[in-house]
Amino acid sequence: MGKDIKRVVRKDISKINLSVNIAGILMKNPVMVASGTFGYGEEYAKYIDLNKLGAIVVKGLSLTPREGNPPPRIVETSAGMLNSIGLQNIGIDSFVNDKLPFLEKFDTKVIVNFFGDSIDEYCEVAKKVDSVSGIHGLEMNISCPNKKEGWLEFGTNPDLAFRVVNAVRKNTRLPLIVKLSPNVTDITVIAKAASDAGADAISLINTLSGMVIDIKTRKPKLANIIGGLSGPAIKPVALKMVWQVAKTIKLPIIGVGGIMTYEDAIEFMIAGASAVQIGTANFIDPASSEKIIDGLKLYCGQNSIKDINEIAGSIAI
């Protein structure tokens with residue numbers, strides 16, 4: 001009798017639809033790996049079946065290679081980690097020539113995260129990949145300073161956010177996801193600016209700004225003094241901001257920030273996200289994304305949900 005019940009449960013779970021459509025990017029499930037935590041994909045290939053992921057968001061890329069900040073540039077904190085990598089990367093050309101061919105072997109969507117020091121740089125990167133086979137979408141990191149505007153961050157000023165997103169929109173036909181910084185007074189204002197400028201989807205949040213001090217030396221533990229806080233510590237902030245943005249704009253939302261378990265992912269979807277990104281959890285358990293995918297299917301089965309899209313925005317208020 002028990003075995004028969006288990007067979008029925010497995011059969012029912014196998015019929016559950018986990019696929020989601022994010023701005024024209026059709027993914028087999030809503031679980032993506034966040035930029036900066038999964039390298040260029042190949043680094044994790046021996047630990048996880050890349051075919052099972054909804055999408056891989058590659059390490060942030062710039063027009064030319066960057067060395068990043070001097071060490072130390074990572075430090076553990078209570079319920080999280082602080083990083084100041086400085087956006088080290090191989091540059092967009094090297095990625096397309098040397099890394100993308102490996103990713104094309106897998107049945108998983110590839111999203112290119114990119115950034116620039118100026119609007120022109122953002123546009124140049126977007127143009128370079130616009131017609132490249134194997135790239136299914138772009139994710140703009142607008143948590144970057146604009147050297148032509150006194151190093152004011154694009155993502156903390158609605159006018160700058162609108163201008164850079166609008167300029168990139170004119171230079172690519174690919175689905176355009178804009179990743180928002182939480183280091184603002186009102187994230188809905190930035191989300192609205194990105195939406196009005198032509199974004200196809202919004203991902204949030206990027207890391208929170210923070211610092212750690214060594215009480216023995218009285219010096220900051222990061223060479224760059226401040227860094228980006230990620231991990232479980234930021235989850236409540238990220239969840240609140242996803243909920244706020246979901247009430248403000250009509251675009252698909254990708255929730256990011258402290259997601260360690262499938263229960264965390266479900267929370268973000270209930271708050272308004274259609275998909276999620278797994279970040280710091282990849283450092284703790286390389287197979288965390290696979291486990292979260294399995295958990296989502298189990299949750300749907302236990303709650304008689306046939307299509308995971310039913311969960312998005314289902315918060316009871």
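The values are calculated or read from the model by the stated rules, or taken from the named source; none is laboratory data. All values reported here derive from a predicted model rather than from experimental measurement. Methodologically, a virtual Cβ is constructed for each residue, glycine included, from the backbone with ideal geometry; neighbour enumeration extends over all protein chains shown.
Go through (1) at pLDDT below 95; (2) among the hydrophobic types (A, V, I, L, M, F, W, C); (3) in contact with a Lys or Arg (Cβ under 9 Å, 6 or more places away or on another chain) and name the single condition Leu204 misses.
(1)
Touching a residue at least 60 places away in the same chain (Cβ under 8 Å), surrounded by 19 or more Cβ atoms within 10 Å (Cβ to Cβ) and among the small types (Gly, Ala, Ser): which single residue out of Ser274, Ser288 fits that description?
Result of the check over Ser274, Ser288: Ser274.
Return yes when Gly54 is closer than 30 Å to Asn17 by Cα and touching a Lys or Arg at 6+ places or on another chain (Cβ under 9 Å) and no when it is not.
In short, yes.
Looking at (1) within 19 Å of Gly231 (Cα to Cα); (2) in a loop (DSSP other than H, G, I, E, B); (3) touching a residue at least 40 places away in the same chain (Cβ under 8 Å), which is the one condition that is false for Met32?
So Met32 meets the others, but not (2).
Just to check your reading of the model, which residue among Gly91, Gly24, Gly41, Gly36 is of a type outside the set (Ser, Thr, Tyr), in contact with a helix residue (DSSP H, G or I) (Cβ under 6 Å, 6 or more places away or on another chain), at positive phi and at pLDDT 95 or above?
Within the list Gly91, Gly24, Gly41, Gly36, the selection yields Gly41.
Quick test for you: out of Arg73, Arg66, pick the one residue that is among the basic types (Lys, Arg) and more than 18 Å from Asn141 (Cα to Cα).
Arg73
Please name all residue pairs, on different chains or six or more residues apart, with Cβ atoms under 7 Å, provided the first residue is in region 93-107 and is within 17 Å of Ala126 (Cβ to Cβ) and the second residue is in a helix (DSSP H, G or I) and not basic (Lys, Arg).
Pairs found: Val96/Val129.
When residues of region 39-63 are filtered for being in a loop (DSSP other than H, G, I, E, B), surrounded by 14 or more Cβ atoms within 10 Å (Cβ to Cβ) and either charged (D, E, K, R) or free of Cβ contacts under 8 Å to residues at least 60 places away in the same chain (or both), how many remain?
Final tally of qualifying residues: 4.
Sort out which residues of region 197-210 are in contact with a Pro (Cβ under 6 Å, 6 or more places away or on another chain), of a type in the set (A, V, I, L, M) and surrounded by fewer than 23 Cβ atoms within 10 Å (Cβ to Cβ), and write them in order of number.
Leu208
Report yes if Leu100 is farther than 23 Å from Ser143 by Cβ, in contact with a strand residue (DSSP E or B) (Cβ under 8 Å, 6 or more places away or on another chain) and crowded, with 20+ Cβ neighbours inside 10 Å, otherwise no.
yes
Would you please name the residue that is farthest from Gln302 (Cα to Cα), looking only at residues in region 224-276 that are touching a Pro at 6+ places or on another chain (Cβ under 6 Å) and not aliphatic (A, V, I, L, M)?
Restricting to residues being touching a Pro at 6+ places or on another chain (Cβ under 6 Å) and not aliphatic (A, V, I, L, M), the top hit is Gly258.
Residue by residue, here is whether (1) within 14 Å of the chain's Cα centre (by Cα); (2) in a strand (DSSP E or B); (3) surrounded by fewer than 20 Cβ atoms within 10 Å (Cβ to Cβ) holds:
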residue	(1), (2), (3)
Thr188	no, no, yes
Ala191	no, no, no
Ser195	no, no, no
Lys216	no, no, yes
Asn224	no, no, yes
Gly227	no, yes, no
Val245	no, no, no
Gly255	yes, yes, no
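Output the residues belonging to region 298-317 that are without any contact (Cβ under 8 Å) to a residue 40 or more places away in the chain and more than 23 Å from the chain's Cα centre (by Cα).
Gln302, Asn303, Ser304, Ala316, Ile317
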